[in-house]
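A short reminder: the numbers here are calculations on the coordinates, not readings from a lab. Everything numeric here is computed off the predicted structure, so don't read it as measured data. Counting neighbours? That spans all protein chains shown, and the Cβs are built from the backbone with ideal geometry, glycine included.
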Amino acid sequence: MAKIFCVANQKGGVGKTTTTVNLAAGLAFVGQRVLMVDLDPQGNATMGSGIDKRQLKHTVYDVLLEEATITQSRVKTQWGEEAARRDMATFDVLGANRDLAGAEVELVELDRRENRLRDALLLVQKDYDFVLIDCPPSLSMLTLNGLCAAHGVVVPMQCEYFALEGLTDLVNTIKQVHANLNKELKIIGLLRVMFDPRITLQVQVSDQLKDHFADKVFNAVIPRNVRLAEAPSYGLPGVVFDPSAKGSQAYIDFAREMVSRVQTL
Ligand code: ATP
Ligand code: MG
């Protein structure tokens, strides 16, 4: 049965999508069966997996509104010829595009509105080892669907001055979901991303994080790495685009860490 994880942080541009796509590829790379769910109307995780969001027959929107099942809607990553020659591991994608923006409003009217994704995932959970959900930068009905479906949350964060303050809202939301909607939900860990060890402040914030959250801070640290930023323009995760880049190696290390962490859940 798949373990289901949300990659969430209500702050924008902190590396959620980069983390989801590269963790998915990293897990596939180490032999895990992965479904990636794009819960963001921006559709960046979909595009970053080589799938044209405008060409999708069904998306997560249809699944949330029960107009299609995940089995009907999922597609395989497409790496293109050059990457395919490198025989890179692939994963399944439940994609998103701008249609999803409407779901926010349409779901309000429906029953079991927070549980739509959870219900849909039950039918495919046996097909995967990991389901990773890329959440939008908000604590909206979409993110709530992700949190209700998940066993845990992975929180990517930059080691900046306000990093800890920004966590409070997310931690409170997770507590509320845990108390009222999903007893299984917990924070799996905080992932330090876009890290630059030459910047003293980042090292200080990183130390504070470890003091405060102890083993909730993942050992893997994702460095700021231009190859990770370039990869989406080729429709590839960094891990597939340039497996030897420092950032890609860090995500593969992180994938291995996740594999060993789920055994302790
Ligand atoms: P949003 O809140 O809009 O969904 P996000 O949290 O998903 O954003 P990303 O889209 O993953 O954030 O990243 C924001 C930007 O930072 C992107 O341009 C991405 O390529 C870049 N980026 C992410 N991680 C790294 C990294 N480790 N090194 C360099 N650039 C990075
Ligand atoms: Mg994103």
Taking Ala120 as the residue in question, decide whether it is over 20 Å from Met258 (Cα atoms), of a type in the set (Gly, Ala, Ser) and surrounded by 15 or more Cβ atoms within 10 Å (Cβ to Cβ). yes
Complete set of residues in the range 41-64 that are within 15 Å of ligand 2 (Cβ to nearest atom), among the polar types (S, T, N, Q) and in a loop (DSSP other than H, G, I, E, B): Gln42, Ser49
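Take the residues in the range 38-54 that are among the acidic types (Asp, Glu) and more than 10 Å from Leu94 (Cα to Cα), then tell me which one is nearest to ligand 1 (Cβ to nearest atom).
Step one: filter the range 38-54 for residues among the acidic types (Asp, Glu), giving 38, 40, 52.
Imposing the further condition that a residue be more than 10 Å from Leu94 (Cα to Cα) reduces the set to 40, 52.
Values: Asp40: 6, Asp52: 18 Å.
If we take residues in the range 38-54 being among the acidic types (Asp, Glu) and more than 10 Å from Leu94 (Cα to Cα), then Asp40 is nearest to ligand 1 (Cβ to nearest atom).
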Looking only at the range 131-172, and only at residues there that are acidic (Asp, Glu) and touching a residue at least 40 places away in the same chain (Cβ under 8 Å), the one that is nearest to ligand 2 (Cβ to nearest atom): Asp134
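Quick one: which residue in Leu39, Leu64 is crowded, with 22+ Cβ neighbours inside 10 Å, in contact with a strand residue (DSSP E or B) (Cβ under 8 Å, 6 or more places away or on another chain) and touching a residue at least 12 places away in the same chain (Cβ under 8 Å)?
On the way: Leu64 fails: in contact with a strand residue (DSSP E or B) (Cβ under 8 Å, 6 or more places away or on another chain).
Of the residues listed, the single one that is crowded, with 22+ Cβ neighbours inside 10 Å, in contact with a strand residue (DSSP E or B) (Cβ under 8 Å, 6 or more places away or on another chain) and touching a residue at least 12 places away in the same chain (Cβ under 8 Å) is Leu39.
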